Every structure is written in C-alpha cells, then in structure tokens.
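Shown next, in structure tokens, is the structure this report addresses.
FYI, it's all coordinate maths here, none of it is from the lab. This is a predicted model, so every value here is computed, not measured. Neighbour counts run over all protein chains shown; Cβ positions are idealised from the backbone, glycine included.
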Amino acid sequence: MDDINYEIVMQIGLLSQSGSGWTKEVNLISWNERDPKYYVRDWSADGEKMGKGVTLSKEELLALKELLSKIEL
C-alpha cells in the first residue's frame, strides 16, 4: 500500500481545543500532491494524528460562508 502524504498549505484557524489537547482546525491541505482543498479536521496535540474531517472545495467554502452570513446566532 502506498504511503499517504499531505502538506498543510495554509493554516487558516483554530475552532476549538479539547482538554486532551486535540484541536479542531480549518486548513488548506494538499493530499498526495493534488490540488489543495479546505478541511475542517481534528488534530492531535503533536500534529501527528488526525481525525475524520469535512472536505470543501473553494466554491463549497464560499457557499458555506454565504449560508452562515444569513443566520442569526
């Protein structure tokens, strides 16, 4: 099985941090040298492990931004 590699092209921001040190972050990531996409994903404190995440294209991220701007929190 081939190794899966990734490069965090841009760290966009931290959404939250748990008591165990895991963080939920938004980043622009390139997997296996493909075009980068936006991810909301959990990361271990040392950055070596990651949880499942949500993948968004630029267009999907823009649509989410527009949807979020319409709701009252």
Top-ranked residue of segment 34-73 - restricted to ones that are acidic (Asp, Glu) and within 21 Å of Glu7 (Cβ to Cβ), ranked as surrounded by the most Cβ atoms within 10 Å (Cβ to Cβ): Asp42
Tally of residues being closer than 14 Å to Tyr38 by Cα and touching an Asp or Glu at 6+ places or on another chain (Cβ under 9 Å) across segment 16-27: 2
Residues of segment 18-33 satisfying the condition of being within 17 Å of Asp46 (Cα to Cα) and either surrounded by fewer than 13 Cβ atoms within 10 Å (Cβ to Cβ) or small (Gly, Ala, Ser) (or both): Ser18, Gly19, Ser20, Gly21
